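Have a look at the structure below before the remarks.
The values are calculated or read from the model by the stated rules, or taken from the named source; none is laboratory data. In this text the structure is predicted, and so the values were computed from the model without any measurement. Please note: Cβ atoms are built from the backbone with ideal geometry, for glycine as well, and neighbour counts cover all protein chains shown.
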Amino acid sequence: MRVLLGRPALAGSVVALSLLLSCLGGQAASNQHSHPERLAHATSIPVGDQTLTPWGWADFCNRYASECASGVLPAEDLELTTQSWGELLRVNLLVNALIQPLSDMDHWNVVDRWDIPTDGYGDCEDYALLKRKLLMAEGFPRQALLVTIVKDENGDGHAILTVKSDRGDFILDNMRDEVKPWNELPYRFVKRQSQTDPNVWEQIGEPMSAPLIVSR
């Protein structure tokens, strides 16, 4: 993975960022409600039939096989506690602050490439993949961390990370530092990973054409 001048490479990123998370302690929680009891009214995203796997995920799995080889597991929601909520806030804030937005065309000279942004640059799906990786390293269940494709306010493709919890579905998004219930965001939800198998993708809501690329 190439390193761009002017931005430090995040060598050993999972270890380094996990250490940063522990150093941050509870600081992030002060920026948003720290008690999950206040978030009890979140709902679950309605999913439908199996749908096409995004090309970007399939290509990512060809290059990062270990990220996609967890196999089929029983569905499991995250138990949303004060501690786990604080971890969600910290990961979202930290990754949003450390990764500099850069389009795939400017970064890799290709239209769409999903990657772990260890050189400090990436676009929306790269933020989501790094957040997923860090949370899994912190012990969060893979089945509760689902990369999700939406259309934004302009109809453009966008990737976010859905966290399925026992208090509803919440979104980690590179476009905002708050962790919000899915239905409070101005997006049209298209598809997401299955809880049982990350290589299976499920339709969300009414059928619609999926964005060919995700770019923010």
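Tell me which of these residue 69 doesn't satisfy, since it passes every other one: (1) out of contact with any Asp or Glu (no Cβ under 8 Å at 6 or more places or on another chain); (2) of a type in the set (A, V, I, L, M); (3) closer than 18 Å to residue 173 by Cβ.
(3)
Of the conditions (1) buried (at least 18 other Cβ atoms within 10 Å of the Cβ); (2) more than 20 Å from residue 47 (Cα to Cα), residue 111 satisfies every one except a single condition; which number is it?
(1)
Taking segment 163-175 as the region of interest, how many residues are buried (at least 24 other Cβ atoms within 10 Å of the Cβ) and either among the β-branched types (Val, Ile, Thr) or more than 13 Å from residue 129 (Cα to Cα) (or both)?
Qualifying residue count for the region: 3.
Restricting segment 43-73 to residues that are farther than 21 Å from residue 150 by Cβ and of a type in the set (Gly, Ala, Ser), which is surrounded by the most Cβ atoms within 10 Å (Cβ to Cβ)?
Per the criteria, the residue is 70.
Looking at segment 176-203, which of its residues are part of a strand (DSSP E or B) and surrounded by 21 or more Cβ atoms within 10 Å (Cβ to Cβ)? Steps first, please.
Kept after step one, since they are part of a strand (DSSP E or B), are these residues of segment 176-203: 176-181, 188-193, 201-203.
Hits for segment 176-203 are 179, 189, 190, 191, 192, 193, 201.
Which numbered condition trips up residue 71, out of (1) on the phi < 0 side of the Ramachandran plot; (2) out of contact with any strand residue (DSSP E or B) (no Cβ under 6 Å at 6 or more places or on another chain)?
(1)
What pairs come out if I take residues in segment 118-131 that are under 12 Å from residue 148 (Cα atoms) and touching a residue at least 60 places away in the same chain (Cβ under 8 Å) and pair them with residues that are surrounded by 24 or more Cβ atoms within 10 Å (Cβ to Cβ) and not hydroxyl-bearing (Ser, Thr, Tyr) whose C-beta lies under 6 Å away, six or more apart or interchain?
These pairs meet every condition: 124/158; 124/159; 124/174; 124/214; 125/114; 125/159; 125/214.
I'm told residue 111 meets every condition in (1) modelled with pLDDT of 95 or more; (2) over 12 Å from residue 91 (Cβ atoms) except one. Can you identify the failing condition by its number?
The single condition residue 111 does not satisfy is (1).
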